[in-house]
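Chemist: This is the structure I have questions about; it appears just below.
The values are calculated or read from the model by the stated rules, or taken from the named source; none is laboratory data. All of these numbers come straight from a predicted model, not from anything done at the bench. Cβ atoms come from the backbone with ideal geometry, glycine included; neighbour counts cover every protein chain shown. Ligands, DNA and RNA are excluded from the accessible area calculation, which covers all protein heavy atoms including side chains. Shrake-Rupley method; radii C 1.70, N 1.55, O 1.52, S 1.80 Å.
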Amino acid sequence: ESILEAMERVIGSRKKRLLWHYRSRDERLIALSNIEIYGNALTTFPASDTPDALTHVLVPAGKNQAVATGSQNNEAVLIVQLIREHAKKNPDESLGVITFGIKHLEKLEMAVAQARRDDKALDTWLESQTDEPFFMKNLERVQGDERDAIIISTGYGKDANGKMNLRWGPLTSELGRRRLNVAISRAKRRMTLVTNFTLAELSDLKVREGTGVDLFKKFLDYM
């Protein structure tokens with residue numbers, strides 16, 4: 001399942017746990033993972049006074065808007081707006097966008113591609129990111145990545161008619177818990193979560209313990 005499990009044959013009982021977390025400049029960015037995944041064993045940097053280290057943005061209610069040919073998702077419209085805001089307010093900071101599903105990622109890629117064609121300043125800024133290039137990836141592809149700012153765009157939740165569901169792909173399994181942990185620990189300075197539902201709406205649904213959805217529920221509560 002992972003290279004770490006394969007290496008157990010070599011290192012045997014000599015396994016050691018990493019105790020220092022070096023990535024996040026603000027402990028709020030790693031606190032939930034520290035508690036839920038690492039048994040509160042990580043030594044982290046104390047929280048700073050940065051007010052926007054963690055932000056939850058709720059997608060406006062209403063019917064989905066068209067964002068590209070064959071795609072209907074007003075969450076993608078909001079993500080493009082957040083990318084533009086980052087480029088203007090924090091041009092010296094790197095940025096990455098993580099989605100929960102591949103289909104939602106494809107919608108975002110089309111929306112951002114259109115935005116780059118329409119907005120020369122945005123296109124120029126994205127091209128200028130060479131040390132830590134801008135990326136958009138789904139959960140399975142973000143192992144090892146880190147950026148100053150991370151936007152997490154769920155793409156799951158309420159449909160166009162406002163009905164909530166839990167068809168959340170890999171997050172419905174225990175493996176999804178580890179994948180989500182990777183996603184929510186990629187940010188060095190700030191992290192923004194985008195959903196089209198509230199914690200109360202998610203809490204109304206039955207969530208199986210130990211899964212990625214279970215960890216996400218705690219993450220949303222923490223935000």
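Chemist: On the basis of being free of Cβ contacts under 8 Å to residues at least 40 places away in the same chain and on the phi > 0 side of the Ramachandran plot, does G210 make the cut?
Modeler: Values: free of Cβ contacts under 8 Å to residues at least 40 places away in the same chain: yes; on the phi > 0 side of the Ramachandran plot: yes.
Spelling it out, G210 is indeed free of Cβ contacts under 8 Å to residues at least 40 places away in the same chain and on the phi > 0 side of the Ramachandran plot.
Chemist: Moving on to the next point. Just give me the residues in the stretch 121-164 being open to solvent by less than 60 Å² (accessible area, probe 1.4 Å) and of a type in the set (K, R), in sequence order.
Modeler: K137, R147, K158
Chemist: Taking only the stretch 165-177 into account, find how many residues are surrounded by fewer than 16 Cβ atoms within 10 Å (Cβ to Cβ) and in a helix (DSSP H, G or I).
Modeler: Of the residues in the stretch 165-177, the ones surrounded by fewer than 16 Cβ atoms within 10 Å (Cβ to Cβ) are 165-167, 174-175.
Remaining after also requiring in a helix (DSSP H, G or I): 174-175.
The total comes to 2.
Chemist: With the structure loaded, tell me whether G70 is modelled with pLDDT under 95 and open to solvent by 50 Å² or more (accessible area, probe 1.4 Å) or whether it fails that test.
Modeler: Details: modelled with pLDDT under 95: yes; open to solvent by 50 Å² or more (accessible area, probe 1.4 Å): yes.
The answer is yes for G70.
Chemist: Which of (1) in contact with a strand residue (DSSP E or B) (Cβ under 6 Å, 6 or more places away or on another chain); (2) surrounded by fewer than 21 Cβ atoms within 10 Å (Cβ to Cβ) is the odd one out, the single condition M191 does not satisfy?
Modeler: Among (1) in contact with a strand residue (DSSP E or B) (Cβ under 6 Å, 6 or more places away or on another chain); (2) surrounded by fewer than 21 Cβ atoms within 10 Å (Cβ to Cβ), M191 violates only (2).
Chemist: For the stretch 82-102, which residues satisfy the criterion of being in a helix (DSSP H, G or I) and either in contact with a strand residue (DSSP E or B) (Cβ under 9 Å, 6 or more places away or on another chain) or surrounded by 20 or more Cβ atoms within 10 Å (Cβ to Cβ) (or both)?
Modeler: First, the residues of the stretch 82-102 that are in a helix (DSSP H, G or I): 82-89, 102.
L82, I83, H86, A87, I102, listed by residue number.
Chemist: Taking L108 as meeting all but one of (1) at positive phi; (2) in contact with a helix residue (DSSP H, G or I) (Cβ under 7 Å, 6 or more places away or on another chain), write down the number of the exception.
Modeler: With respect to (1) at positive phi; (2) in contact with a helix residue (DSSP H, G or I) (Cβ under 7 Å, 6 or more places away or on another chain), L108 is out only on (1).
Chemist: Condition check: surrounded by fewer than 17 Cβ atoms within 10 Å (Cβ to Cβ), in contact (Cβ under 8 Å) with a residue 12 or more places away in the chain and farther than 19 Å from V59 by Cα. Does D118 satisfy that?
Modeler: Numbers: surrounded by fewer than 17 Cβ atoms within 10 Å (Cβ to Cβ): yes; in contact (Cβ under 8 Å) with a residue 12 or more places away in the chain: no; farther than 19 Å from V59 by Cα: yes.
No, not satisfied.
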